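Contents: one structure, followed by commentary.
The values are calculated or read from the model by the stated rules, or taken from the named source; none is laboratory data. Since the model is a prediction, treat every value here as computed from it, not as a measurement. Cβ atoms come from the backbone with ideal geometry, glycine included; neighbour counts cover every protein chain shown. With ligands, DNA and RNA removed, areas are computed over all heavy atoms of the protein, side chains included. Shrake-Rupley method; radii C 1.70, N 1.55, O 1.52, S 1.80 Å.
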Amino acid sequence: MFSGAQISLYPMCDDFVAVILGALSALDPYRERFRIETDDVSTLIVGPPEDLFPAMRDLFAAAAASGVHVVLSATVSRGCPGEPDDPRCTPLPGGPRGPLGTRIAEARQRVADATVLGQPVAAQFSLYPLGADAHMDEIYGCIVFLKASGVFDRSKNFCTKLRGDAGPVFATLSEAFLSFGTPQGHVALDLTVSANSPTKS
C-alpha cells in the first residue's frame, strides 16, 4: 500500500518563514516513520495512514499557536495504484472491516475520545473513495458519521465544512479517510484548514 499527503502551510503574515520553521519541530516525533520531501510548492509525507492526520494536526496547531491567520492545504491519498508500495505504509489498522453502521459508530467514539487542544479551527474537505462499486454507500455513510461527529458545520457545494477544536476536527478527518472506502482501494481526500481567520462565517 502507498499512503501519504502533499501539504502546504500558509501563514498570512510578513514573518511567514519564522512561523513555518517554528512549526516544523512538531513533525519530529513522526520523522522515523515518515519519508518527508519538501520543494518550493509543498511537502510530501509518506507513511502509515493512521499517522498522517495526527502529524498534520500537530504541524498546523503549532503554526496556529503563533496567533496569525494560517491555512493548511493538503491532498491525502491511500492505495493509489500508480504509486509503488512503500514499507513505511502499513495496511489500515484494525483488521477486517465491519458493516457500515458499525464503522460509523466506532468512528464517532474515536472522535469523542480525541484530545482537545484548545485551538479552534475551520476545515472543508471532499472525500473520494475511488474504484469501489458501492462508493456512494461509503460517501453517504461518511456523511452520516460527519453529521454526528460534533464538529459538523454544514454541507457546501462539493465539500463538507467542519468547525471546532483542532483535536476533534483532525480526528474526524482521519476517521473519514480511514473508515470509509474499501480497505485496499484508492481513497483520496482534498482538504483546507484555517485558524485565526479575521473573517469567520
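A Cβ distance below 7 Å, combined with a sequence gap of six or more or placement on separate chains, defines the contacts here; from the range 170-181, residues that are closer than 8 Å to residue 107 by Cβ reach residues that are among the basic types (Lys, Arg) and modelled with pLDDT of 95 or more in the pairs 175/110. The condition of being in contact with a helix residue (DSSP H, G or I) (Cβ under 7 Å, 6 or more places away or on another chain) and either open to solvent by less than 70 Å² (accessible area, probe 1.4 Å) or more than 18 Å from residue 178 (Cα to Cα) (or both) holds for only one of 18, 5, 105, 65, that being 5. Among the residues of the range 83-128, how many are over 27 Å from residue 165 (Cβ atoms) and either of a type in the set (D, E, K, R) or touching a strand residue (DSSP E or B) at 6+ places or on another chain (Cβ under 9 Å) (or both)? Residues that pass the stated criteria total 7. All told, residue 110 meets the bar of being touching an Asp or Glu at 6+ places or on another chain (Cβ under 8 Å), assigned to a helix (DSSP H, G or I) and not acidic (Asp, Glu).
For the range 136-157, the set of residues classified as open to solvent by 70 Å² or more (accessible area, probe 1.4 Å), in a helix (DSSP H, G or I) and of a type outside the set (Asp, Glu) consists of 136, 140, 144, 147, listed by residue number. Once the range 21-36 is narrowed to residues that are open to solvent by less than 70 Å² (accessible area, probe 1.4 Å) and not in a helix (DSSP H, G or I), the residue that is nearest to residue 66 (Cα to Cα) is 36. The residues of the range 158-173 that are at pLDDT 95 or above and either open to solvent by 60 Å² or more (accessible area, probe 1.4 Å) or part of a strand (DSSP E or B) (or both), listed by number, are 159, 160, 161, 162, 163, 164, 165.
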